[in-house]
1. Within the group Leu100, Leu147, which residue is surrounded by 14 or more Cβ atoms within 10 Å (Cβ to Cβ), not in a helix (DSSP H, G or I) and not charged (D, E, K, R)?
2. Just checking, does the range 109-126 include any residue being touching a residue at least 24 places away in the same chain (Cβ under 8 Å), assigned to a helix (DSSP H, G or I) and surrounded by fewer than 18 Cβ atoms within 10 Å (Cβ to Cβ)?
3. Considering only residues that are at pLDDT below 95 and either touching a helix residue (DSSP H, G or I) at 6+ places or on another chain (Cβ under 6 Å) or outside any helix (DSSP H, G or I) (or both), which ones fall in the range 77-97?
4. Do we have any residue at all in the range 164-173 that's touching a Lys or Arg at 6+ places or on another chain (Cβ under 8 Å) and surrounded by 22 or more Cβ atoms within 10 Å (Cβ to Cβ)?
5. Could you tell me which residue of the range 10-23 is farthest from the chain's Cα centre (by Cα), considering only residues that are surrounded by 14 or more Cβ atoms within 10 Å (Cβ to Cβ) and without any contact (Cβ under 8 Å) to a residue 60 or more places away in the chain?
6. Return yes or no: is Ser85 in contact with a Phe, Trp or Tyr (Cβ under 9 Å, 6 or more places away or on another chain) and among the small types (Gly, Ala, Ser)?
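The values are calculated or read from the model by the stated rules, or taken from the named source; none is laboratory data. Since this is a predicted model, take the numbers as computed values, not measurements. Cβ placement follows ideal geometry from the backbone for every residue including glycine, while neighbour counts extend to all protein chains displayed.
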Amino acid sequence: MKLLYTPRSPYARKVRIVAIEKGIKLELVNEDLVNKSPGLVKANPLGKIPTLILDNGQTIFDSPVICEYLDHFKPKPVLIPQGPSKRFAVLTLAAAADGLMDVTVAMFMEKVRHPKDFNAAFIAANEATVKRCFVYFDAQAAQLKELNIASIALASAIGYLNFRMPQLWSADNCPKLARWYEEISKRKSMQETAPKE
C-alpha cells in the first residue's frame with residue numbers, strides 16, 4: 001500500500017501512527033501540494049493528502065476513512081471500538097481532535113498567505129477555539145489514556161500546533177492534558193512521525 005502524504009501534515013501523521021501501531025507497512029510517497037503530481041490528482045480528484053492507494057489500485061481518502069480501513073485491515077490492536085456506546089464516544093473525541101487540526105492549519109495558512117496583513121479577527125477567533133478545545137480535552141483526559149483513534153488524532157493535532165504555533169500551548173491551562181501528551185509523546189510511533197523543518 002502507498003500513502004501519498006506530506007511529512008508535516010497532522011492528518012497524514014495520524015494515519016502513519018495508526019499504521020505503525022498496527023504493524024502495517026506503508027510505502028510513503030512525499031507529495032508537493034503546490035505542484036500536485038499527476039499521481040495525486042489521479043488518485044484523489046481533490047488533490048489532497050493523505051490518500052491511500054491499495055495494492056489493487058483502489059484509492060481511499062481522507063484521513064478518518066483511511067484510519068478506519070487500516071483498523072479493519074489488521075484488526076489488532078483495535079483502535080476504533082465496535083460497541084456503539086464506546087465507538088461513538090471515541091469517534092466524537094476524534095472528530096474534535098480533527099477539528100483542532102483544521103483550526104490550526106487554517107491559522108497557519110492565513111499567516112503564510114498574508115504574512116503582513118493577515119485577518120486578525122479570524123486568527124483571534126481561531127485562537128479562542130484552540131483554548132476551548134484544550135479545556136474540553138483536559139476534562140476528557142481520563143478518556144484519552146487508552147490508545148485509540150481519538151488519542152492518536154489528538155496527539156497529532158497537538159504535535160502540529162506545537163510545531164507551527166507553540167505559543168498557543170500552555171501546560172498551565174490544561175495540566176491533565178499536558179501530562180497525557182507528555183506520556184503519549186514517548187511512544188515510538190509518535191517519535192518516528194514527529195514533524196521537522
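1. Leu147
2. Within the range 109-126 (the criterion being touching a residue at least 24 places away in the same chain (Cβ under 8 Å), assigned to a helix (DSSP H, G or I) and surrounded by fewer than 18 Cβ atoms within 10 Å (Cβ to Cβ)), the answer is no, since none of the residues qualifies.
3. Correct list: Gln82, Gly83.
4. No, that holds for no residue.
5. So, considering only residues that are surrounded by 14 or more Cβ atoms within 10 Å (Cβ to Cβ) and without any contact (Cβ under 8 Å) to a residue 60 or more places away in the chain, the one farthest from the chain's Cα centre (by Cα) is Lys22.
6. When the stated conditions are applied, Ser85 does not pass them.
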